[in-house]
Structure formats: structure tokens, C-alpha cells
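Peer 1: Just passing along the structure, written as C-alpha cells.
Please treat every number below as a calculation from the coordinates, not as lab data. Everything quoted here is computed from the prediction, not taken from an experiment. So basically every Cβ, Gly included, is an ideal-geometry build from the backbone, and we count neighbours across all protein chains shown.
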Amino acid sequence: MTHHTPEELARQAKILYEELFPKRDELKPKDKLQIPQQEMPAQDPIERGKNLDEVAIGYTEEQARVEALRCLNCPKKQCVDDCPVRIDIPRFIKHIADGKFQEAINTIKETSLLPAICGRVCPQEVQCMAHCTIGKGLKDVEKSVAIGRLERFVADWERKNGQIQTPPVKPETGKKVAIVGSGPAGLVVAADVRREGHHVTIFEAFHKLGGVMRYGIPEFRLPNEIVDEEINTLKKMGVEFKTNFVVGRTRKLTDLMEKDGYSAVFVATGAGLPMFMNIEGENLVGVFSANEYLTRANLMRAFDRENADTPIYKSKNVAVLGGGNVAMDAARMSLRLGAEKVYIVYRRTEREMPARVEEVQHAKEEGIEFLLLQNAKKIIGDENGRVKGMECLRYELGEPDASGRRRPVVIPNSEFILDVDTVIVAIGNGSNPLISQTTPDIQVNKWGNIIVDETQKTSVDGIYAGGDIVLGAATVILAMGEGRRAAAAINKQLAG
Amino acid sequence: MSKILLKKQLSKDVFLMKLDAPLIAEERKAGQFIILQIDDDYGERIPLTIADGSKEEGSITIIFQVVGKTTHNLAKLNEGDDIPTLVGPLGLPTHIENFGTVVCVGGGIGVAPLHPIVQALKEAGNKIITIIGARTKELLILEDEMKALADEFIVCTDDGSYGRKALVTEPLKEACERNPKPDLAIAIGPPVMMKFCSKTTEPYNVHTLVSLNTIMVDGTGMCGGCRVNVGGEAKFVCVDGPEFDGHKVDFDNMMARLNSYKDLETKAHKCQLDIEFELKKEGK
């Protein structure tokens, strides 16, 4: 794919806009199918590999309005059904087409509090865009109406114009709700519960708020400023935040309820222990979990080598193991930290990769090399215990496995050595044991994930859970969907 | 945010600080640690074991040695100053019961984390043999406190400037040779000391606990930077530890991992020289 400059994209959109808008009411579905999907303007691939700035720049007004014109406003609204927080998508898109951006953002905010974040990191192609009539007509889900880009456009418009409105809060009820973790699930519960007039305290283990949106997802994909803005809205609503507070350790979860007067607790502690491959050499110096690598770079600001006290490994050749969004983030971060050669090593093919197509594309544009149908066998160390290479095996695809994906099968005697000094393992997370270690009454499954019912309630009355601690590794929006359900149940409990 | 209530210099580059931390003081148990950070934006998170605490006063005590930039800057703070980030208590507490006779070995700054463990073991009714050691006399800390808790007390220095001229492994070996042998050994200090203490007790089959102080970022199990090889399995010091069976820990791998950022240590070394210089200037 060739990179088009933002100026070029803006120019083309302007021409289209001037051509289409005078006759917009006469456009038939087949005309709308002809309107090209508006490409997301992005920083130059070579330049952006050297900075931390956001890669995707965002639509211009003309681009947004042209893209919005593609929506058929279908009566069935399949896109809404596929959205975990059920945003009225056709309605907000219609407002954008009409140039009514305030109305558009208000529509989104009826059901979603974090549009600037979701517009950036939701996997729309497997949610709202998956059944879009336009995408179906063009036989390519990636060509569906770019719902996320439009969501982002109006969220950014609102922020840039200083129009962010604080949602109204009902009169104080005097009841208190504790939320453990300030990631996406926790923030949604905070907003929904606070709106009903209950006092909400969010406890965060780190010194900064936002959970995975702060320590995990890099600045070039989700700027901190945006996370701060969303959290500010909650602060303005009166949500209380306590950082450096590890529930379970700093205070027992049950003490929050029995001694501190919280009527309900929502546990959203997020991803837990990073998984490793259990291969030889994994504890060598130069092998990192993606969690550690990204936390150093993002939360601890180690990308700023001059000013940050937290060091980050100086790498020349990096292998990232895994094919998800986190693997892409780690690979692209290592490139920005000065690595000369970065490989994604994945044992299946690109088709099976869990990462978003857009992330894979961005990574490729930046020069990251994909070693597909290959996997690590062992990591080789030098005499000082530091990584000096990685022995890999080649695979081919066999029969489908339980997940429906074709199972990769080792090709015998296919070993080869990859010349790397750093290995980043991005194959997912197990559950964090902290809450279950310190709150034995909460039931967990055999992987340590908290067991909840359809309202997100755990085995203990008054305690709810959601996000990655329940789902295993999932997405921001799925965590938010769980938060939405939990908040409804908590509000019901407190009203009763 | 936590206020420094008291600051004392214990030896050339070792400082004691009492910090206002009522919640941590309430929950902390022997063997647990805290993480602190001096600058919320650019600072580094460092784990430090809790050396003491008072529920009544709502305070905890940390003892640290100036080894890098963060401990250097920490040592420059004074009573009344705030530490922006203090989180804890983290890690699993020491398992305390009446084992019988416990030999407790502390090397250098390792005496600080050993102190609350000995306190708890003593309270549980154990007979305590304490061995503390340091390179030289000026580096010994908490001698009086440790002596007060011990049924038998041995001090040694590498250079013979105080107490017995020996490495701590010598009296440890003698303790293991007694009949009956000790029921448990606990060794806390520099990695190389813990390695050789574990090697010393192994032939006598004396179960030996060590407390590891690896590199950490979050301290809650999320990053895995602190992982060590224990009995062939990767364990996380922050949530599975900090205490492990010394006979099973791969100390060589742990020491290599502690040196992950060695190329950046010249910076730390410079800090060390700076503080020595500053202290000299102040006539200490």
C-alpha cells in the first residue's frame, strides 16, 4: 500500500465534497457505494518511526462529511447491534454528514463516555463495521463506512473546540461504590454509577491513571492527553481517584465494604501475569514481556532516554513473539527506540493474526518484517547471560483446531538462527493473583479469572468484576461493555 | 504521597527514613516491601523492604543504601519533604511459626529487611541465632536492635575491623554443624552472599529462605521483569516472593538479570561518587 500524504487526501476530499454535497439528497445507494472510503491521513512512515507522535492524524472536516455520506442509514441498524455499548451509529453519522458535529458527539455520548479512545482503539472491523451494508456491497469489511474514524473525528472536534460537556449528575445518594483499577472497564462503571448520584472512588495501583490505556497502548496510537481528558471529565463529575493503592494489599477488599462503608465494589484489575513460551533461554537478559517493555516506554517514559530515570534496553535487532495488537505495539515501539531491525515472529499466517488489519499495515509500512509460520524454539545467550540469537522453527498449516483456525504444524529439521539481541514476548497474559490471593471468597476459574454471572456479579454479594480479569485478554471496548452491564447491576442494587 | 517523618544516616551510604504511611503500617507484615518513586513523571520505581513500622504512629521505616540515581536523590530529601509515590505493602509476608531454632543471617544492607522477620520469629517463640556481617565496621547497621532480639549473636566483618574476621558463611557453617542442627535458616543480603549461604546450608539439609530484591516496575505481577528461576520454574518475585527456597534459586541468572542495564550504571557510579563527595564536604 502506498502512503498518501495528508495534504493529498485533504485535497481529494475537498474535490469530492464540492462535487457531492450540492446533490447529496439525490444520491442513491448505488451512488453511495461509488464514494471511495476516506483514507485515514497518517504521518509519513519513515518519519514517524523516529517519533512518538500519533500515527493517525484524523480526518479533515471534508473527509469526515464525505465519509459520512457513504452511510445508507439502513433501517435494520446491524452496526448498532454489533456495538458493545450500542451507540446509535447511523444517527451520529447523519449529523456529521449534515455538519452538525455537536449533535453527532451528543448522540455518541448518550451511550459511550470515551469516544476519543474508542474511535482510536476499538476493533471496528469485527464489531460495528462487520455487517455494514456498504462493506458487504463492496465485499470487503475494511471498506465499510469508517465508523471509528468518524467517531474519533467528532470526539476530537469536541475536544479541540473546548466543547466537552460534563454529564449531569443526580443528587447525592450518600451511597459509596469502590472501583478497583482505572482502566476502561473501571472508568465506564465510574461514569455510569456516578451519574446516579452515588459517591465513586477509583483505586489505582499505579501513580498514573488509565490502566492499559496509559501503560500499555503507546502514545503513537493513543495519546496520553486524550486519556487525561476523559479522566478529567470524570473528575469534574465528582469521581474520586486514589493512586498508589493496591486493593488487596494496601487495604483488603472486604475492609472497603465492612469498614470503609462501600456498598459495592467493582473489580477491574486488568491483565495479569504475562505469559512466557516456557522455552530455554527465556530468563536471559534481553528477554522481556511486552507488558514490561511497553510499561517502561509508556508509563515510565523511558522513550525519553535523556530525562527518564527508568532505563530501557538498547536493542539493535528485536524479535517480537506474537501476532496481536500488543505485539504490533511492542514492535513499533522498539523501532522508535532505535532498533535497526524488528521482526514479528508468528507461527500462523497473517490471516490468523489477532491484530487489527490497520495495525499490521502500519507496522509493515514502518519497515517491520513479518516472519510468518515461524516460531521460537530457544533463545541463545552469550557468556554474560545476554541474548545473542534465537533458534526458530518453520511451520505449515494443518487441519483446523478447536478455535477453527488451521493448526500450525512444525516442519521437521527446519531450525535456523535469527540474529537478535532482544526478544519481546507478546503472547498474552494470565490472570493477576492479587485479588484472589487476598480475597479467598471470590471464586475464580482454573485460569484464575474471576467468575461472574450475566450481571457481572461475583460469588460474593456486592462485589462485581469486569474487563480482562474476567475475560482474559480482550479489548478496551469489550471491557467497557462489561463495565456498562456491571454499572447497571450496581445501580439496581443501590436503588433497591 | 508520603511525608518523611525522620531521617538518620546509619553508615557511610546507608540511610534510615521513617515515612508517614498509615495504611501500609496497618497492613504490613514481616517480609513485605514497598515501591517508591521520587518524581511522578520521570522517576524510577524502586522496591525497598520495610524494616519496621508502627500502627500507632501510622509510620513505616525504610533503610536504603545509596547505589543509583533514585537512592541518591532519596538520600538528599529531608524530614518534612514528601515522597510522591509510595505503594505497598507488596509481596507475600514471611511465613511465621515456631520452627524451633532459626539462624538468621544478614549481610550489609540486608540486615534491614531481616530485622522485622527476626522480630516476628522471636515473638513466635523461636530460638534465634543471629549472624550479621559487612565488609567493614562502618557498613554495619542495626547492631543493637539485632542483638536485643537474639539468643546468640555473632558479628563479623570481612576485614576484621570489628567482631570476628570472617565471611558470614563461616559462623553459618558452624551453626549447621551443631547437634541438633538449626530448623531453619534465613539469609538476606547481597545476591552473592545469599548464594553462598544457600550453598553452605545445603549439605546439612537446613531449609534456607532468601529474600530477593530484583528489578521491578509495577510490583503487582503485571510486568514480569522481576522473574527468577526457582527450581526450573519462572517465578515472579513481586507476587510469588520475595522469599524463596535458597537451595532452588538460580542465583547466577538472577545476578545477570540484575545487571540488565549495566551500560547505564556508570551514571549510578557517578552519583555514588557525588554523594561521597557531598558527605565529605559536610564533614561526615
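Peer 1: Hey, got the average number of other protein chain Cβ atoms within 10 angstrom for residues in B:221-234? Please report the intermediate quantities before stating the final value.
Peer 2: Details: counts 13, 18, 13, 12, 8, 1, 8, 1, 2, 0, 0, 0, 1, 5.
So the per-residue partner count for this stretch is 6.
Peer 1: So how strong a dipole does the protein assembly as shown carry about its Cα centre when Lys and Arg Cβ are +1 and Asp and Glu Cβ are -1, to the nearest 20 debye?
Peer 2: Computed about the Cα centre, the dipole is about 900 debye.
Peer 1: Would you calculate a helix-derived [θ] at 222 nm for the protein assembly as shown, using -39,500 (n - 2.57) for each DSSP H run of n ≥ 4 and dividing by the full residue count, to the nearest 500?
Peer 2: Details: 29 runs with 258 residues, N = 780.
Roughly -9500 deg cm²/dmol at 222 nm, from the helical runs in the protein assembly as shown.
Peer 1: Which FRET efficiency, nearest 0.05, do B:Lys137 and A:Ile417 yield, Cβ-Cβ r, R0 56 Å?
Peer 2: Values: r = 52 Å, r/R0 = 0.93.
Efficiency computed from Cβ-Cβ geometry: 0.60.
Peer 1: Now, a different point. Rg and Dmax of the stretch A:184-256, using alpha carbons, in Å: what are they?
Peer 2: Cα only, the stretch A:184-256: 12.8, 40 Å (Rg, Dmax).
Peer 1: Quick check of the Kirkwood formula: for the protein assembly as shown, what is the inverse mean of 1/r over all pairs of different Cα atoms, in Å?
Peer 2: Roughly 28.3 Å, rounded to one decimal.
Peer 1: Could I ask something else about it? Take each of the peptides A:2-8, B:97-103, B:170-176, average the number of other beta-carbon atoms within 10 Å over its residues, and list them starting from the highest.
Peer 2: Final packing ranking: B:170-176, B:97-103, A:2-8.
Peer 1: Looking at A:Tyr313, A:Leu337, A:Leu373, which one has the Cα that reaches farthest to the positive end of the dipole of the stretch A:298-382 (charges on Cβ: Lys, Arg +1; Asp, Glu -1)?
Peer 2: It is A:Leu373.
Peer 1: Suppose R0 equals 51 Å. What FRET efficiency, 1/(1 + (r/R0)^6) with r the Cβ-Cβ distance, do A:Thr111 and A:Val410 give to the nearest 0.05?
Peer 2: The calculated FRET efficiency here is 0.60.
Peer 1: Given A:Ala402, A:Val460, A:Thr422, which one lies farthest toward the positive end of the charge dipole of the stretch A:330-480, if we put +1 on the Cβ of every Lys and Arg and -1 on the Cβ of every Asp and Glu?
Peer 2: A:Ala402
Peer 1: Let me ask another. Provide the FRET efficiency to the nearest 0.05 for the B:Asp40-A:Thr173 pair, computing r from the beta carbons and using R0 = 45 Å.
Peer 2: So, using R0 = 45 Å, E works out to roughly 0.85.
Peer 1: Moving on to the next point. At a threshold of 8 angstrom on Cα-Cα distance, excluding pairs fewer than six apart, so keeping six or more, what relative contact order does chain B reach in percent? Don't skip to the answer; put the middle values down first.
Peer 2: Numbers: 627 pairs, mean separation 48.2, N = 284.
In percent, rounded to a whole number, it is 17.
Peer 1: Any chance you could list P(r) for the stretch A:287-425, counting all Cα-Cα pairs in 10 angstrom bins from zero, rounded to whole %?
Peer 2: 12, 39, 35, 12, 2, 0
Peer 1: Per 5 Å bin, what percent of the C-alpha pairs of the stretch A:6-160 does each bin hold, from zero upward?
Peer 2: 2, 10, 19, 23, 22, 14, 7, 2, 1, 0
Peer 1: Over the stretch A:6-160, what relative contact order in percent results from Cα pairs under 8 Å that are six or more residues apart? Could the numbers behind the result be given before it?
Peer 2: Values: 219 pairs, mean separation 36.2, N = 155.
Relative CO of the stretch A:6-160 lands at 23 percent.
Peer 1: Compute the length gained on full extension between A:Asn161 and A:Asp228: take 0.36 nm times their separation in residues and subtract their Cα-Cα distance, giving the result in nm to one decimal.
Peer 2: So the chain would gain 22.5 nm between A:Asn161 and A:Asp228.
Peer 1: Divide the volume of the convex hull of the Cα atoms of the stretch A:382-456 by its number of residues and quote the answer in cubic angstrom per residue.
Peer 2: Per residue, the Cα convex hull of the stretch A:382-456 comes to 181 Å³.
Peer 1: Testing the spin-label approximation: label points 7 Å from Cα along Cα→Cβ at B:Asn259 and A:Lys236. State their distance in nm.
Peer 2: Each label point lies 7 Å from its Cα, and together they span 5.4 nm.
Peer 1: Oh, and also: Taking the Cβ of each residue in A:Arg305, A:Arg351, A:Arg356 as the centre, tally the other Cβ atoms inside 10 Å and list the residues starting with the fewest.
Peer 2: A:Arg351, A:Arg305, A:Arg356
Peer 1: In whole Å, largest first, what are the principal axis extents of the Cα atoms in the stretch A:254-324?
Peer 2: Principal axes ranked by extent give 53, 35, 22 Å for the Cα atoms.
Peer 1: Also, quick follow-up: With just the Cα atoms defining each centre, how far is the stretch A:424-474 from the stretch A:210-257? Give it in Å.
Peer 2: 18
Peer 1: How do the peptides B:19-29, B:184-194 rank, highest first, by the average count of neighbouring beta carbon atoms within 10 Å per residue?
Peer 2: Top to bottom by mean Cβ count within 10 Å: B:184-194, B:19-29.
Peer 1: Give me A:Ser315, B:Ser54 sorted ascending by neighbouring Cβ count inside 10 Å, so fewest comes first.
Peer 2: Starting with the residue having the fewest Cβ neighbours, the order is B:Ser54, A:Ser315.
Peer 1: Here is a further query. Tell me which of B:Val102, B:Gln32, B:Gly91 sits at the most positive position along the dipole axis of chain B, charges placed on C-beta atoms (Lys, Arg +1; Asp, Glu -1).
Peer 2: Working it through, the farthest residue towards the positive pole turns out to be B:Val102.
Peer 1: In the calculated pair distance distribution of the stretch B:101-211, what percentage of Cα-Cα distances lie above 18 Å? Spell out each step's value before the answer.
Peer 2: On the way: 2488 of 6105 pairs.
For the stretch B:101-211, the fraction of Cα-Cα distances above 18 Å is 41 percent.
Peer 1: Using all Cα-Cα distances in the stretch B:2-90, what percent lands in each 10 angstrom bin from 0 up to the longest?
Peer 2: The percentages, shortest bin first, are 19, 56, 25, 1.
Peer 1: Going down the table (A:Lys109/A:Lys235; B:Lys137/B:Lys173; B:Lys8/B:Lys147; A:Lys235/B:Lys18; A:Lys314/A:Lys378; A:Lys176/B:Lys29), which pairs top 24 Å between alpha carbons?
Peer 2: From A:Lys109/A:Lys235; B:Lys137/B:Lys173; B:Lys8/B:Lys147; A:Lys235/B:Lys18; A:Lys314/A:Lys378; A:Lys176/B:Lys29, over 24 Å: A:Lys235/B:Lys18; A:Lys176/B:Lys29.
Peer 1: Most exposed first by the Cβ proxy, i.e. fewest other Cβ within 10 Å, how do A:Leu69, A:Leu373 rank?
Peer 2: Sorted ascending by nearby Cβ count, the order is A:Leu373, A:Leu69.
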